[in-house]
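S.K.: Attaching a single structure in C-alpha coordinates format; questions to follow.
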Amino acid sequence: MKNRNIIFSPSLFGGSFTNIEKSLQEISDSGATYSHFDVMDGNYVPEISFGLKFIQEARELSKLFFDIHLMVMNPEKFISGFAQAGADMITIHIESTKHIWAAISIIKQEGKLAGIALNPGTPVSSIITILPIIDYVLVMTVNPGIPGQKFIPQMNDKVKELNLIREKHGFNYLIGCDGGIGKPNIKELYDSGLDVAVIGRAFFAAKNKLSFLTELNDIVKN
Ligand code: ZN
(Lines give C-alpha, C1' and ligand atoms only; values in the text may rest on other atoms or scores of the structure.)
Protein backbone atom coordinates (compact mmCIF):
# COMPACT_ATOMS: atom_id res chain seq x y z
CA MET A 1 0.00 0.00 0.00
CA LYS A 2 2.71 2.51 0.98
CA ASN A 3 5.00 1.82 -1.94
CA ARG A 4 2.43 1.96 -4.71
CA ASN A 5 3.50 4.05 -7.66
CA ILE A 6 1.20 6.86 -8.58
CA ILE A 7 0.35 7.12 -12.28
CA PHE A 8 0.02 10.58 -13.81
CA SER A 9 -2.46 11.00 -16.65
CA PRO A 10 -2.19 14.54 -18.04
CA SER A 11 -5.37 15.64 -19.81
CA LEU A 12 -4.86 16.95 -23.32
CA PHE A 13 -7.90 19.15 -22.78
CA GLY A 14 -5.62 21.38 -20.72
CA GLY A 15 -3.11 21.71 -23.57
CA SER A 16 -3.08 23.20 -27.05
CA PHE A 17 -5.53 21.69 -29.59
CA THR A 18 -3.74 23.29 -32.49
CA ASN A 19 -0.51 21.50 -31.69
CA ILE A 20 -1.36 18.10 -30.24
CA GLU A 21 2.03 16.78 -31.30
CA LYS A 22 3.67 19.29 -28.94
CA SER A 23 1.23 18.48 -26.11
CA LEU A 24 1.83 14.73 -26.48
CA GLN A 25 5.58 15.29 -26.56
CA GLU A 26 5.36 17.39 -23.39
CA ILE A 27 3.50 14.55 -21.69
CA SER A 28 6.14 11.98 -22.75
CA ASP A 29 8.98 14.27 -21.74
CA SER A 30 7.44 14.79 -18.28
CA GLY A 31 7.82 11.08 -17.50
CA ALA A 32 4.03 10.50 -17.47
CA THR A 33 3.00 7.23 -19.09
CA TYR A 34 -0.72 7.92 -19.56
CA SER A 35 -2.42 10.54 -21.67
CA HIS A 36 -6.00 11.40 -20.67
CA PHE A 37 -8.52 12.39 -23.34
CA ASP A 38 -11.68 14.19 -22.19
CA VAL A 39 -14.28 13.49 -24.86
CA MET A 40 -17.31 15.77 -24.35
CA ASP A 41 -20.48 15.74 -26.43
CA GLY A 42 -22.22 18.99 -25.44
CA ASN A 43 -25.09 16.86 -24.16
CA TYR A 44 -23.91 14.77 -21.22
CA VAL A 45 -21.72 17.75 -20.32
CA PRO A 46 -22.17 21.33 -21.56
CA GLU A 47 -18.80 21.49 -23.32
CA ILE A 48 -17.81 19.98 -26.69
CA SER A 49 -14.19 18.85 -27.03
CA PHE A 50 -13.04 16.42 -29.72
CA GLY A 51 -13.93 13.11 -31.30
CA LEU A 52 -12.55 10.08 -33.07
CA LYS A 53 -10.36 11.80 -35.62
CA PHE A 54 -8.49 13.64 -32.90
CA ILE A 55 -7.73 10.35 -31.12
CA GLN A 56 -6.72 8.67 -34.40
CA GLU A 57 -4.27 11.41 -35.26
CA ALA A 58 -2.89 11.50 -31.73
CA ARG A 59 -2.40 7.73 -31.90
CA GLU A 60 -0.19 8.13 -34.94
CA LEU A 61 1.97 10.59 -33.01
CA SER A 62 2.39 8.83 -29.69
CA LYS A 63 3.01 5.55 -27.92
CA LEU A 64 1.61 6.79 -24.59
CA PHE A 65 -1.12 4.77 -22.88
CA PHE A 66 -4.35 6.35 -24.13
CA ASP A 67 -6.82 6.81 -21.28
CA ILE A 68 -10.10 7.82 -22.94
CA HIS A 69 -12.74 9.43 -20.72
CA LEU A 70 -16.08 9.46 -22.52
CA MET A 71 -18.37 12.18 -21.20
CA VAL A 72 -21.06 11.39 -23.76
CA MET A 73 -24.64 10.15 -23.57
CA ASN A 74 -25.19 6.51 -24.55
CA PRO A 75 -21.47 5.72 -24.80
CA GLU A 76 -22.20 2.18 -26.00
CA LYS A 77 -22.73 3.69 -29.48
CA PHE A 78 -19.18 5.07 -29.59
CA ILE A 79 -17.04 2.55 -27.73
CA SER A 80 -15.95 0.45 -30.73
CA GLY A 81 -15.01 3.57 -32.67
CA PHE A 82 -12.79 4.85 -29.87
CA ALA A 83 -11.30 1.40 -29.30
CA GLN A 84 -10.31 1.19 -32.95
CA ALA A 85 -9.08 4.79 -33.00
CA GLY A 86 -6.36 3.85 -30.52
CA ALA A 87 -7.73 3.75 -26.97
CA ASP A 88 -5.95 1.57 -24.40
CA MET A 89 -8.55 2.15 -21.70
CA ILE A 90 -12.09 3.48 -22.06
CA THR A 91 -13.96 5.00 -19.13
CA ILE A 92 -17.69 5.67 -19.32
CA HIS A 93 -20.02 7.37 -16.85
CA ILE A 94 -22.49 5.27 -14.91
CA GLU A 95 -24.94 8.19 -15.26
CA SER A 96 -24.68 8.26 -19.07
CA THR A 97 -26.18 4.89 -19.95
CA LYS A 98 -29.05 2.60 -19.02
CA HIS A 99 -26.99 -0.35 -20.22
CA ILE A 100 -23.81 -0.38 -18.15
CA TRP A 101 -23.15 -4.14 -18.38
CA ALA A 102 -23.57 -4.12 -22.16
CA ALA A 103 -21.35 -1.07 -22.47
CA ILE A 104 -18.60 -2.60 -20.32
CA SER A 105 -18.76 -5.84 -22.28
CA ILE A 106 -18.26 -3.96 -25.56
CA ILE A 107 -15.08 -2.40 -24.12
CA LYS A 108 -13.87 -5.87 -23.06
CA GLN A 109 -14.75 -7.42 -26.43
CA GLU A 110 -12.63 -4.74 -28.05
CA GLY A 111 -9.75 -5.93 -25.87
CA LYS A 112 -9.42 -2.68 -23.91
CA LEU A 113 -9.32 -1.92 -20.21
CA ALA A 114 -12.73 -0.83 -18.91
CA GLY A 115 -13.41 2.00 -16.48
CA ILE A 116 -16.46 3.55 -14.87
CA ALA A 117 -16.62 7.20 -13.82
CA LEU A 118 -18.74 8.56 -10.98
CA ASN A 119 -19.94 12.16 -10.84
CA PRO A 120 -19.55 13.84 -7.44
CA GLY A 121 -23.23 13.25 -6.59
CA THR A 122 -23.23 9.56 -7.55
CA PRO A 123 -22.56 7.05 -4.74
CA VAL A 124 -20.20 4.07 -4.94
CA SER A 125 -23.22 1.83 -4.26
CA SER A 126 -24.46 2.55 -7.83
CA ILE A 127 -21.59 0.48 -9.29
CA ILE A 128 -21.15 -2.11 -6.57
CA THR A 129 -22.32 -5.11 -8.62
CA ILE A 130 -20.01 -4.34 -11.53
CA LEU A 131 -16.83 -3.66 -9.52
CA PRO A 132 -15.57 -7.27 -9.83
CA ILE A 133 -15.25 -7.03 -13.62
CA ILE A 134 -13.88 -3.55 -14.20
CA ASP A 135 -10.29 -2.34 -14.39
CA TYR A 136 -10.67 1.23 -13.26
CA VAL A 137 -12.94 3.54 -11.27
CA LEU A 138 -12.65 7.25 -11.97
CA VAL A 139 -13.89 9.45 -9.14
CA MET A 140 -14.86 12.86 -10.48
CA THR A 141 -13.58 15.40 -7.99
CA VAL A 142 -15.40 18.23 -9.79
CA ASN A 143 -18.58 18.26 -11.88
CA PRO A 144 -17.24 17.47 -15.36
CA GLY A 145 -17.31 19.84 -18.30
CA ILE A 146 -18.34 22.91 -16.31
CA PRO A 147 -15.61 25.56 -16.22
CA GLY A 148 -14.26 27.04 -12.99
CA GLN A 149 -15.03 24.06 -10.73
CA LYS A 150 -12.98 23.54 -7.58
CA PHE A 151 -11.85 20.24 -6.07
CA ILE A 152 -14.58 18.78 -3.81
CA PRO A 153 -12.81 17.56 -0.63
CA GLN A 154 -15.61 15.13 0.30
CA MET A 155 -14.59 13.00 -2.70
CA ASN A 156 -11.68 11.73 -0.62
CA ASP A 157 -14.20 9.60 1.29
CA LYS A 158 -15.29 8.00 -1.97
CA VAL A 159 -11.67 7.04 -2.74
CA LYS A 160 -11.38 5.52 0.75
CA GLU A 161 -14.60 3.57 0.27
CA LEU A 162 -13.46 2.18 -3.08
CA ASN A 163 -10.10 1.25 -1.59
CA LEU A 164 -11.72 -0.59 1.31
CA ILE A 165 -13.99 -2.56 -1.03
CA ARG A 166 -11.00 -3.42 -3.22
CA GLU A 167 -8.97 -4.69 -0.27
CA LYS A 168 -11.87 -6.59 1.27
CA HIS A 169 -12.76 -8.48 -1.91
CA GLY A 170 -9.35 -8.64 -3.57
CA PHE A 171 -10.54 -6.67 -6.62
CA ASN A 172 -7.97 -5.34 -9.06
CA TYR A 173 -9.38 -2.05 -10.28
CA LEU A 174 -7.26 1.08 -10.15
CA ILE A 175 -8.73 4.21 -8.59
CA GLY A 176 -8.40 7.53 -10.40
CA CYS A 177 -9.40 11.11 -9.60
CA ASP A 178 -10.21 13.78 -12.15
CA GLY A 179 -10.60 17.50 -11.49
CA GLY A 180 -8.64 20.02 -9.46
CA ILE A 181 -5.90 17.58 -8.42
CA GLY A 182 -2.66 19.21 -7.33
CA LYS A 183 -0.19 19.83 -4.54
CA PRO A 184 -2.80 20.70 -1.86
CA ASN A 185 -4.78 17.43 -2.14
CA ILE A 186 -2.72 14.71 -3.85
CA LYS A 187 -1.12 13.33 -0.68
CA GLU A 188 -4.42 12.79 1.10
CA LEU A 189 -5.94 11.15 -1.99
CA TYR A 190 -2.92 8.87 -2.42
CA ASP A 191 -3.06 7.81 1.24
CA SER A 192 -6.76 7.02 0.71
CA GLY A 193 -6.04 4.74 -2.27
CA LEU A 194 -5.55 6.92 -5.35
CA ASP A 195 -3.57 5.24 -8.18
CA VAL A 196 -4.15 7.48 -11.20
CA ALA A 197 -4.05 11.28 -10.95
CA VAL A 198 -5.61 13.06 -13.93
CA ILE A 199 -4.08 16.51 -14.22
CA GLY A 200 -5.21 19.09 -16.75
CA ARG A 201 -4.50 22.80 -16.71
CA ALA A 202 -2.04 22.58 -13.79
CA PHE A 203 0.15 20.26 -15.87
CA PHE A 204 0.22 22.42 -18.98
CA ALA A 205 0.60 25.60 -16.91
CA ALA A 206 3.77 24.24 -15.28
CA LYS A 207 6.91 25.64 -16.92
CA ASN A 208 8.94 22.52 -16.19
CA LYS A 209 6.56 19.59 -16.41
CA LEU A 210 9.12 16.99 -15.41
CA SER A 211 9.90 18.84 -12.18
CA PHE A 212 6.18 19.42 -11.57
CA LEU A 213 5.42 15.69 -11.67
CA THR A 214 8.59 14.89 -9.71
CA GLU A 215 7.44 17.31 -7.05
CA LEU A 216 3.95 15.73 -6.89
CA ASN A 217 5.57 12.31 -6.67
CA ASP A 218 7.77 13.47 -3.78
CA ILE A 219 4.71 14.90 -2.00
CA VAL A 220 2.86 11.55 -2.13
CA LYS A 221 5.89 9.49 -1.11
CA ASN A 222 6.90 11.64 1.89
ZN1 ZN B 1 -11.40 13.37 -17.59
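S.K.: Antiparallel versus total DSSP beta bridges in the stretch 7-221: what percent is that, nearest 5? Before the final figure, lay out the partial values.
M.R.: On the way: 1 of 34 bridges.
For the stretch 7-221, the DSSP antiparallel bridge percentage is about 5.
S.K.: So how far, in whole Å, is the C-alpha centre of the stretch 190-222 from the one of the stretch 71-112?
M.R.: 27 Å
S.K.: Within a Cβ distance under 13 Å of Val196, other residues only, what is the Lys/Arg minus Asp/Glu net charge?
M.R.: Numbers: positive: Arg4; negative: Asp67, Asp88, Asp135, Asp178, Asp195.
In short, -4.
S.K.: If each residue of separation counts as 0.36 nm, what is the full-extension length gain between Ala205 and Trp101 once their alpha-carbon separation is subtracted?
M.R.: Numbers: separation 104, 0.36 × 104 = 37.44 nm, distance 3.81 nm.
Going from the current span to full extension adds 33.6 nm.
S.K.: What is the dipole size for the chain, taken about its Cα centre, with +1 at each Lys and Arg Cβ and -1 at each Asp and Glu Cβ, in debye to the nearest 20?
M.R.: Numbers: 21 positive and 23 negative charges, 56 e Å.
Charge dipole, the chain, about its Cα centre: 280 debye, nearest 20.
S.K.: Which value, in Å to one decimal place, does the Kirkwood hydrodynamic radius take for the chain when every pair of different Cα atoms is included? Each step should come with its number before you reach the end.
M.R.: On the way: mean 1/r = 0.0578 Å⁻¹.
That comes to 17.3 Å for the chain.
S.K.: Tally Lys and Arg at +1 and Asp and Glu at -1 over the other residues with C-beta under 10 Å from the C-beta of Tyr136: what net charge comes out?
M.R.: Values: positive: none; negative: Asp67, Asp135, Asp195.
Spelling it out: positives minus negatives among the neighbours equals -3.
S.K.: Same structure, new question: For q = 0.20, 0.26, 0.29 Å⁻¹, what log10 I(q)/I(0) does the stretch 167-222 give under the Debye formula with an equal point scatterer on each alpha carbon and no solvent?
M.R.: Rounded to two decimals, the profile gives -0.74, -1.10, -1.27.
S.K.: Next up: Using a probe of 1.4 angstrom, how much of the accessible area of the stretch 7-221 is carbon and sulfur, in percent? Intermediate values should be presented prior to the final figure.
M.R.: On the way: 5030 of 9380 Å².
About 54 percent, which is the carbon plus sulfur part of the accessible surface.
S.K.: In the stretch 83-138, which trypsin sites (Lys or Arg not before Pro) are in a loop and have at most 15 other Cβ atoms within 10 Å, using DSSP for the loop call?
M.R.: Values: sites: Lys98, Lys108, Lys112; in loops: Lys98, Lys112.
Qualifying residues, ordered by number: Lys98.
The values are calculated or read from the model by the stated rules, or taken from the named source; none is laboratory data. These figures come from a predicted structure and were not determined experimentally. Cβ sites come from the backbone with ideal geometry, for glycine too, and all protein chains shown count toward neighbours. Side chains included, ligands, DNA and RNA excluded: accessible areas come from the protein's heavy atoms. Shrake-Rupley method; radii C 1.70, N 1.55, O 1.52, S 1.80 Å.
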